[in-house]
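Below: one structure, written as structure tokens.
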Amino acid sequence: MAYIPRKCGVKFKPPAIVLIYEDENTKKTRQRLIPVRNFTKFSDCGQAAEQMKNNPRHQVYLDRVSQQQLQKLYQLLRDSLNGLSLDQSLETFLRENSINAEEDLNKLDDNELAKKKKIMDELFEKNRRKPSDPKFVYDLEVDFPEDGQIESCGWDDDDQDGEF
């Protein structure tokens, strides 16, 4: 049997993962509540998501749900157990899992840097145009507007005539 997930969410009391899916054979939309057991405010969200995804009882239903989505739901559950509201938890999650152009990545530790690189890779793959895409253009040229005076760079001046 094949199941197509449509929505995935979390229920706080009692803690459970809510999956709304479509059965490919019957074309019916169904809801599945997957209880979350033995999860505390000190649990590792990544490990819990991996265990749920690999659980033989739920594996068929969660096959097309990403590990990152399940990890996010577990993080929302953990934050709820720590006393944070849903808005605070979502704000924290967005801050941790987004790239800030002003942030200095050289100051991050190895784990945080790997996390930011993974986010950048996922964003790149999401926005990448492949030759099979309908809006793909092979040799795209773009002229950027000039907003004011162009600053000159000393390293690319041609007036030095090859002098070093």
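The values are calculated or read from the model by the stated rules, or taken from the named source; none is laboratory data. Note that the coordinates shown come from a computational prediction; the quantities given were computed from them, not determined experimentally. Glycine gets a Cβ as well: all are built from the backbone with ideal geometry, and neighbour counts include every protein chain shown. What goes into the accessible areas is simple: the full protein's heavy atoms, side chains included, and nothing from ligands, DNA or RNA. Shrake-Rupley method; radii C 1.70, N 1.55, O 1.52, S 1.80 Å.
Restricting attention to the range 82-113, which residues are within 27 Å of residue 5 (Cβ to Cβ), hydrophobic (A, V, I, L, M, F, W, C) and open to solvent by 90 Å² or more (accessible area, probe 1.4 Å)? If the condition is that a residue be within 27 Å of residue 5 (Cβ to Cβ), hydrophobic (A, V, I, L, M, F, W, C) and open to solvent by 90 Å² or more (accessible area, probe 1.4 Å), then 94 is the only one that fits.
Based on this model, can you work out whether residue 12 counts as in contact with a Leu (Cβ under 8 Å, 6 or more places away or on another chain), open to solvent by 30 Å² or more (accessible area, probe 1.4 Å) and among the hydrophobic types (A, V, I, L, M, F, W, C)? Considered against the rule, which asks whether it is in contact with a Leu (Cβ under 8 Å, 6 or more places away or on another chain), open to solvent by 30 Å² or more (accessible area, probe 1.4 Å) and among the hydrophobic types (A, V, I, L, M, F, W, C), residue 12 comes out as yes. Name every residue in the range 70-93 that is within 21 Å of residue 18 (Cβ to Cβ), within 17 Å of the chain's Cα centre (by Cα) and not hydroxyl-bearing (Ser, Thr, Tyr), in order of residue number. Within the range 70-93, 70, 71, 72, 73, 75, 76, 90, 93 qualify. Of all residues in the range 21-38, those satisfying the criterion of being surrounded by 14 or more Cβ atoms within 10 Å (Cβ to Cβ) and either in a strand (DSSP E or B) or free of Cβ contacts under 8 Å to residues at least 40 places away in the same chain (or both) are 21, 22, 32, 34.
Quick one: which of 95, 129, 78 is within 30 Å of residue 37 (Cβ to Cβ) and modelled with pLDDT under 85? That would be 95, the only listed residue that is within 30 Å of residue 37 (Cβ to Cβ) and modelled with pLDDT under 85. The single residue among 65, 60 that is among the aliphatic types (A, V, I, L, M) and over 28 Å from residue 119 (Cβ atoms) turns out to be 60. The set of residues in the range 94-122 being more than 14 Å from the chain's Cα centre (by Cα) and of a type in the set (S, T, N, Q) consists of 100, 106, 111. Among the numbered criteria (1) within 16 Å of residue 10 (Cβ to Cβ); (2) in a loop (DSSP other than H, G, I, E, B); (3) open to solvent by 30 Å² or more (accessible area, probe 1.4 Å); (4) of a type in the set (S, T, N, Q), which one does residue 43 miss? Failed condition: (3).
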